[in-house]
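Everything below concerns the one structure shown next.
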Amino acid sequence: MSLSIIVLAAGKGSRMASSKPKVLHEVGNYPMLFHILDTVSSFKNSFVNIVISHSFLDYKDLIISKYNKVTFSIQSQQKGTADAVKSSLTNIKKNPTDYTIVLCGDTPLISKKTIEKSLNKLVKNNLDLCVISMKPENKKNSYGKLKFKENKLIGIIEQSEIKKQDHKDICNSGIMIFKTKRLIENLKLVNNNNRKKEYFLTDLVDIFYKQNFSIDHYVCNFNETLGVNNLIDLSRVNNEFQKIKRRSFLSKGVIMEAPDTVYFSYDTKIAKNVIIQPNVYFGPEVEIKDNVVLRSFSYLDNVKVSQNVLIGPYARIRDGVNIKKNSKIGNFVEIKKSNVDENVKISHLSYIGDSTINSFSNVGAGAITCNYDGKRKNKTIIGKNCFIGSNTSLVAPLKIKNGSIIGAGTVVNKDVPNETVVYRKSELIKKDKKK
Ligand code: UD1
Ligand code: MG
């Protein structure tokens, strides 16, 4: 069985109030379009064609850098979903396939399982068209409504064409699967005789019905089909995405007292027996190994954390940090682009930037790496078994070799050899009695 997969992404997205193309708005810190492309790119014997507008051309390279096999079709004017599919026909005809799946780039949560089940229904029953449908929680919605006659699907009416609110339960998810041959033959029959003067792909249901073609629908879970037409929808989809992630982590042995307050990215990786306290945020590229404790209000992005590490509360760790096992990063500590080796303690109020801290070293409260000299970012290397006293300023570039001790409040701007003590003397001056 061969498949053409068309992803519609040329819509104006005017309801998003943003210059960024709608389908590149993010869910779980990942563009909606990428969610869909990840879902469909594992279908065997298939090719993916994305329908884009001229204004999307600037973003084409971004897509190709990640999905090098996808093809593009340009829809010159946004005249509706049927017109968008029409603009991809040249590419579809180049590789004639058995079936064509049309998906909307603004419906990112659809699962591969649902697409497979509806495709199976179409193949098993030799259908010409299978619509993926759903039952929205709220009957007042903007989705296209499925129309039935004697329990048989005969059409889809767009909300904009309904005179008064109609209480139809079953709506169109926006995803339709066709026999490719039927789609190609009938697309030209869609007209734009409607209020919006658009070519609706959904009109094909009525066109197929009138020719006695075999049509049906597959009802899936509504939450999978949440579509994004404005920023309120986007926050709702993000919310649903978080619920999916939380459920998945809880079922895999991640402990969360208040999961509703924890935010994950699309690629967050967390091993077993990890405790996440309330209000922790995971930006992209975070990987947490077993037995880590993340205390409240910590913010992590682009961080790898090994076993038995304690982080937070109120830690900010970002931009390429590796923390090795048994280390402790305490409250109000910020770490950026640094390597923290095993058994290191940075317990309170520090800034560590562009640094390497080797094993068994201790960084005292308020110690700061002064990594920026106004022009360049410079590196700090702290050896093994070092003790960095409280409130020290480590002026980079700087190397502090193994076993050295820096006394509290010292400004260190020279490299420190092994096993050396650097400290700032207290000056004791007698008071002048005459004054
Ligand atoms: C569409 C469906 C509706 C369904 C809903 C589900 C049609 C006519 N309506 O409505 O039945 O309930 O999705 O979310 O299909 N696009 C283009 N070119 C265009 C117009 C749209 O590429 O000229 C793309 C958009 O980028 C978007 C998708 O097609 O990814 C759907 O378009 P949108 O305008 O969001 O349609 P809805 O009103 O949501
Ligand atoms: Mg939409």
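Inclusion of Tyr314 among residues that are closer than 23 Å to Ile36 by Cβ and either in the same structural domain as Lys139 (by TED's automatic domain parsing) or of a type in the set (Phe, Trp, Tyr) (or both) is not warranted. The strands (runs of 3 or more DSSP E) located wholly in the range 320-435 that include 1 or more residues which are under 35 Å from the mean Cα position of the chain (by Cα) and at pLDDT 95 or above occupy 328-331, 334-336, 345-348, 351-353, 355-357, 368-370, 380-382. Whether a residue is more than 16 Å from ligand 2 (Cβ to nearest atom) and either more than 32 Å from the chain's Cα centre (by Cα) or not assigned by TED's automatic domain parsing to the domain that holds Thr97 (or both) was assessed, and Leu146 does not pass this test. Can you find even one residue in the range 128-142 that is surrounded by fewer than 18 Cβ atoms within 10 Å (Cβ to Cβ) and hydroxyl-bearing (Ser, Thr, Tyr)? Yes, the conditions are met somewhere in the range 128-142.
If you go through the range 211-229 and keep only what is crowded, with 17+ Cβ neighbours inside 10 Å and away from ligand 1 (no atom under 14 Å from the Cβ), you end up with Phe213, Ile215, Tyr218. Restrict the check to the range 88-97 and report whether at least one residue is assigned to a helix (DSSP H, G or I), among the basic types (Lys, Arg), surrounded by fewer than 15 Cβ atoms within 10 Å (Cβ to Cβ) and in the same structural domain as Thr180 (by TED's automatic domain parsing). Yes, the range 88-97 contains a residue that is assigned to a helix (DSSP H, G or I), among the basic types (Lys, Arg), surrounded by fewer than 15 Cβ atoms within 10 Å (Cβ to Cβ) and in the same structural domain as Thr180 (by TED's automatic domain parsing).
Of everything in the range 28-49 that is of a type in the set (S, T, N, Q) and part of a loop (DSSP other than H, G, I, E, B), the residue that is nearest to Val228 (Cα to Cα) is Asn29.
Taking the criterion of being surrounded by 17 or more Cβ atoms within 10 Å (Cβ to Cβ), charged (D, E, K, R) and in a loop (DSSP other than H, G, I, E, B), the residues of the range 280-310 that qualify are Glu285, Lys289, Arg295. Residues in the range 1-18 that are polar (S, T, N, Q) and away from ligand 1 (no atom under 15 Å from the Cβ): Ser2, Ser4. Residue-level check: of (1) closer than 22 Å to Asp233 by Cβ; (2) aliphatic (A, V, I, L, M); (3) within 14 Å of ligand 1 (Cβ to nearest atom), Ile74 misses just (1).
For Ser65, the conditions (1) more than 21 Å from the chain's Cα centre (by Cα); (2) hydroxyl-bearing (Ser, Thr, Tyr); (3) within 19 Å of Tyr266 (Cβ to Cβ) all hold with the exception of (1).
Results for (1) over 20 Å from Gly11 (Cα atoms); (2) touching a residue at least 24 places away in the same chain (Cβ under 8 Å), shown as yes or no for each residue.
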residue: Arg195; (1), (2): no, yes
residue: Lys210; (1), (2): yes, no
residue: Cys220; (1), (2): yes, yes
residue: Glu224; (1), (2): yes, yes
residue: Ile232; (1), (2): no, no
residue: Val237; (1), (2): no, yes
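Taking (1) assigned to a loop (DSSP other than H, G, I, E, B); (2) within 10 Å of ligand 1 (Cβ to nearest atom) in turn, Asn68 satisfies each apart from (2).
For beta carbons closer than 7 Å, sequence separation of 6+ or different chains, a first residue in the range 311-330 that is closer than 17 Å to Phe360 by Cβ and a second that is in a loop (DSSP other than H, G, I, E, B) and among the charged types (D, E, K, R), the qualifying pairs are Lys324/Asp341; Lys324/Glu342; Lys325/Glu342; Asn326/Glu342; Ser327/Glu342. Taking (1) surrounded by fewer than 19 Cβ atoms within 10 Å (Cβ to Cβ); (2) touching a strand residue (DSSP E or B) at 6+ places or on another chain (Cβ under 7 Å) in turn, Ala396 satisfies each apart from (1). Among the conditions (1) touching a Cys at 6+ places or on another chain (Cβ under 9 Å); (2) hydroxyl-bearing (Ser, Thr, Tyr); (3) within 16 Å of ligand 2 (Cβ to nearest atom), Ser160 misses just one, which is (1).
Any residue at all in the range 160-177 that's more than 30 Å from the chain's Cα centre (by Cα), modelled with pLDDT of 95 or more and in the same structural domain as Gln78 (by TED's automatic domain parsing)?
no
Within the bounds of the range 180-187, is there any residue that is farther than 22 Å from Cys220 by Cα, within 16 Å of ligand 2 (Cβ to nearest atom) and surrounded by fewer than 22 Cβ atoms within 10 Å (Cβ to Cβ)? No, the range 180-187 has no match at all.
Restricting attention to the range 257-294, the residues that are of a type in the set (Lys, Arg) and touching a helix residue (DSSP H, G or I) at 6+ places or on another chain (Cβ under 7 Å) total 0.
The values are calculated or read from the model by the stated rules, or taken from the named source; none is laboratory data. If you're wondering where the values come from, they're calculated on a predicted model, not measured in any experiment. Here Cβ is always computed from backbone atoms with ideal geometry, including for glycine, and neighbour counts include all displayed protein chains.
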